[in-house]
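The values are calculated or read from the model by the stated rules, or taken from the named source; none is laboratory data. If you're wondering where the values come from, they're calculated on a predicted model, not measured in any experiment. A quick note on method: Cβ atoms are made from the backbone with ideal geometry, for glycine too, and the neighbour counts reach across all protein chains shown. What goes into the accessible areas is simple: the full protein's heavy atoms, side chains included, and nothing from ligands, DNA or RNA. Shrake-Rupley method; radii C 1.70, N 1.55, O 1.52, S 1.80 Å.
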Amino acid sequence: MSSLASVPKAPTKLSIVELGIAQICSWGSLYYSFPQVAQAVMQEFSWSQSQVYGALTLGLLVSSFAGLPIGRAIDKGWGRLVMMLGSLLAGVLLLMGSQLDSLFGFYLVFVGVGALQSATLYDAAFSVIASSHNKADTKQLITQLTLWAGFASTVFIPLIEVILKYSDWRSVLQFLGVINILVCTRLYARLPQQVLVNLSASTALSDNLVSQNTHLTVTVEHESVKWALKQPIFWLLLAAFSFFAAVTTAFKFHFYPLLLEKGLNIHDVVILLAILGPAQVFARLLLKWFGEQISVLSLGYISALVLFVFFVVLAFLPTHFLLLLPFIILFGAATGTMTIIKGVAVSELLSQRHYGVINGAMNVPIKIVTALSPLAAAMIWLFGQSYGYLLQILIVLSLLTTVCFVMVIKRYSKECHSQK
């Protein structure tokens with residue numbers, strides 16, 4: 001039995017292009033811009049790095065809790081309004097930020113921007129896609145979208161650097177604010193207003209637990225967060241994504257000093273850093289072409305295993321540019337792939353219909369881990385006065401990520417087999 005709400009047609013390729021352009025601008029202006037702006041602000045006001053980056057950490061923490069109500073709103077069909085207002089408010093905050101002259105004002109602006117990331121970046125965009133399409137199309141469209149957003153740093157980091165060269169950080173914030181108001185807000189306003197609700201197509205792991213002779217009915221309670229919290233797969237996925245987030249975020253924020261400490265020169269480190277973005281996009285292209293031939297869980301297992309091998313190589317093998325090059329490419333590919341895996345795992349393994357709210361609940365601890373892991377990595381370095389201990393911890397966490405995916409595969413196979 002199915003129930004369909006009246007809906008516009010699923011977005012065409014042009015709609016995904018528009019959403020992709022908006023995501024490039026959202027990621028570039030609200031996420032990748034922070035380090036460059038922060039560096040310029042520190043130089044002008046003589047604020048410490050811990051003071052300035054505290055705003056980033058606090059903003060990410062606020063964003064983690066904002067994700068739940070935002071996901072619920074998108075599930076109810078308000079995705080267009082959420083993303084449109086999120087970009088509008090972000091633009092206003094950035095324009096206000098261009099006039100700030102106190103640390104308190106800096107915190108107000110960037111904690112607010114951090115909170116609005118939940119309404120404008122991947123979590124919101126993935127929820128809109130999942131709630132506007134059948135499950136069969138969700139993975140493909142999320143993959144296409146990440147191909148676009150993967151170029152955000154490539155476009156915005158050099159652009160911001162040019163503005164800083166000829167002007168200052170205030171001009172940067174004004175430019176980013178205008179981008180959000182005139183570009184992102186207008187593009188998000190073109191999203192479908194009402195979402196597709198197809199109960200028969202909204203298959204979830206819970207649906208597999210219903211007898212084949214029973215009418216297919218899905219209640220709000222059945223697919224709510226309360227239901228999801230009772231599912232072992234929810235907790236296994238949460239653990240896997242949390243470990244993965246801790247490992248990759250800690251490494252990315254300490255990439256530069258870690259490789260310098262390992263003996264590479266600055267030129268080689270910059271080249272390796274620049275390779276990460278294209279490696280992510282390349283992996284997503286492969287998924288777009290061949291993604292149907294491998295399951296989400298198998299991809300997760302492979303990506304986690306790549307991380308484990310990468311950190312073993314980094315910790316124990318001689319540090320040479322040519323030796324690290326293929327492993328850096330694999331690291332970038334693994335992180336790019338995991339973005340898609342995380343985007344589709346809830347819809348494929350738990351619930352399509354209530355994707356937003358369940359994904360938002362899962363993201364609360366994941367984003368907290370993401371916000372705190374760079375600071376934790378710095379404290380580990382401080383304890384040992386080197387990155388040796390950190391690399392050993394990253395190896396263990398990568399192994400735990402792999403184990404979690406193995407357990408998800410076994411659990412999912414067991415529950416599917418029990419319904420045959």
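Points to keep in mind about this one:
- Flag if LEU325 is surrounded by fewer than 17 Cβ atoms within 10 Å (Cβ to Cβ) and at negative phi: yes
- Members of region 83-94 found to be buried (at least 21 other Cβ atoms within 10 Å of the Cβ) and closer than 10 Å to THR185 by Cβ, listed by number: MET83, MET84, GLY86, SER87, ALA90, GLY91
- Here LEU350, LEU397, LEU391 are screened, and the one residue that is over 20 Å from the mean Cα position of the chain (by Cα) and either in contact (Cβ under 8 Å) with a residue 40 or more places away in the chain or within 25 Å of GLN140 (Cα to Cα) (or both) is LEU391.
- From THR154, THR146, residue being of a type in the set (Val, Ile, Thr) and surrounded by fewer than 19 Cβ atoms within 10 Å (Cβ to Cβ): THR154
- Residue identified as closer than 16 Å to ALA125 by Cα, out of contact with any Cys (no Cβ under 8 Å at 6 or more places or on another chain) and open to solvent by less than 40 Å² (accessible area, probe 1.4 Å) among GLY97, GLY54, GLY59, GLY77: GLY77
- Residues that are in a loop (DSSP other than H, G, I, E, B) and surrounded by fewer than 17 Cβ atoms within 10 Å (Cβ to Cβ), drawn from region 100-128: ASP101, SER102
- Residues in region 228-274 that are in a helix (DSSP H, G or I), at pLDDT 85 or above and surrounded by fewer than 18 Cβ atoms within 10 Å (Cβ to Cβ): PRO232, TRP235, GLU261.
- Taking residues in region 293-314 that are buried (at least 18 other Cβ atoms within 10 Å of the Cβ), and partners anywhere that are assigned to a helix (DSSP H, G or I) and of a type in the set (Asp, Glu), the pairs with Cβ atoms closer than 8 Å and at least 6 places apart or on different chains are VAL296/GLU348.
- Qualifying position, being at pLDDT below 85 and open to solvent by less than 20 Å² (accessible area, probe 1.4 Å), among SER351, SER373: SER351
- Screening LEU209 on (1) at pLDDT below 75; (2) of a type in the set (A, V, I, L, M, F, W, C); (3) within 21 Å of the chain's Cα centre (by Cα) shows it passes everything except condition (3).
- Criterion violated by ARG284 - all others in (1) within 29 Å of VAL344 (Cβ to Cβ); (2) at pLDDT 85 or above satisfied: (2)
- Of all residues in region 153-174, those satisfying the criterion of being at pLDDT 85 or above, among the aliphatic types (A, V, I, L, M) and touching a Ser or Thr at 6+ places or on another chain (Cβ under 9 Å) are ILE160, ILE163, LEU164, VAL172, LEU173.
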